[in-house]
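Nothing in this text is a laboratory measurement; each read-out follows from the coordinates by a stated rule. Treat the numbers as computed from the prediction; the structure is a model and nothing was measured. Cβ coordinates were reconstructed from backbone atoms using ideal geometry, including for glycine residues, and neighbour counts include every protein chain displayed.
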Amino acid sequence: MIVITAASGNLGRLVLEDLLGRDVPAAGIRAVVRDRTKLADYAERGVEVVQGDYNDEASLVAALEGADKLLLISSSGDNSERVQHHVNAIAAAKQTGVKHIVYTSIPHAENNAIAFSFVHKDTEEAIRESGIPFTFLRNNWYFENATASLGAALEHGAIIGASGEGKIGYATRADFAAAAAVVLTGEGHEGEVYELTGDVAITQAELAAEVSAQSGKQVVFAPLTEQEYAKALEGFGLPAELAAALAQADVAISQGALAETTGTLAKLIGRPTTTVAEAVAQALGK
């Protein structure tokens with residue numbers, strides 16, 4: 001039995017779809033969600049959809065009974081709470097005899113300069129300490145982190161941020177979901193720490209140039225200071241703490257935190273990763 005936590009999120013849904021596309025029997029997949037109605041479509045296809053909440057270890061124990069492999073998708077929300085969410089899931093996995101934990105982490109979690117990387121560092125340490133065989137999927141940034149706001153970029157003619165000339169090894173959620181599915185359905189991945197990146201790292205200015213080329217409208221990258229970017233994000237409605245964390249992450253990116261390209265993702269999924277041109281075309285509906 002393959003179990004996926006946070007399965008109704010964007011990444012979780014893509015992993016479910018990828019697994020089914022690999023002819024994994026629907027009855028052999030269990031999706032754990034806080035609200036089962038959010039995956040009613042997958043329940044209709046035969047996937048076992050169960051309730052489980054990162055804040056409720058008992059619900060996770062019930063959800064993980066009989067699991068062989070667990071895809072622990074990192075939780076969202078307050079960074080001060082996320083480690084405990086993951087610790088709860090790890091404890092439930094140990095109690096129920098899960099044989100393999102696959103965890104979605106961040107590049108070079110042990111020393112990444114992005115401040116909220118501590119969530120992943122601490123979670124990786126907790127998984128190691130549990131004694132359960134593991135695989136860490138250290139995912140770089142999703143293209144969707146940037147392309148989801150292309151409407152505003154086109155409206156205002158600018159992509160904003162504090163990443164300067166820093167490069168990002170973007171890939172799409174679908175690329176990372178495919179890697180997770182490969183690990184969940186394959187053998188020999190225990191103990192591996194996979195640094196997963198797109199094949200080519202790009203700057204935000206290069207992203208803006210691609211948007212301009214495909215949309216026919218001039219879009220530039222408008223660099224901001226960390227403080228300016230945090231204020232802008234707050235203006236878009238983000239909580240101050242989250243805005244500050246994202247602005248700090250951009251500064252770390254400007255210093256190379258996500259610039260590495262490893263080729264590991266393409267090797268795992270057996271194809272090149274999604275290009276910036278393809279990602280922009282998808283976002284623009286082309």
Where does the stretch 1-55 land on the Kirkwood hydrodynamic radius, alpha-carbon pairs, in angstrom? 10.8 Å
Please turn the phi angles of the stretch 27-40 into ³J(HN,Hα) values with the Karplus equation 6.51 cos²θ - 1.76 cosθ + 1.60 (θ = phi - 60°), one per residue in order, whole Hz, x for glycine and proline. 5, x, 10, 10, 9, 9, 9, 6, 10, 5, 5, 5, 10, 4
Report, largest value first, the span of the C-alpha coordinates of the chain along each principal axis, in whole Å. 54, 36, 35
Given a Förster distance of 25 Å, report the FRET efficiency between Lys99 and Ala26 from their Cβ-Cβ distance, rounded to the nearest 0.05. 0.75
Cα pair distances in the stretch 23-72, grouped into 10 Å bins until the bin that holds the longest one, percent each: 26, 56, 18, 0
The rounded separation in angstrom of the Cα centers of the stretch 9-73 and the stretch 185-202 is 22 Å
Please list, or write none, the lysines whose alpha carbon is within less than 21 Å of the alpha carbon of Lys286, excluding same-chain residues fewer than 8 places away. Lys217
For Gly52, residues with placed amide H under 5 Å, excluding near neighbours: Val33, Arg34
Using only the Cα atoms of the stretch 2-139, construct the convex hull and provide its projected area averaged over every direction, in square nanometres to one decimal. 7.6 nm²
Regarding the stretch 57-196, what is the average projected area of its C-alpha convex hull, in nm²? 9.6 nm²
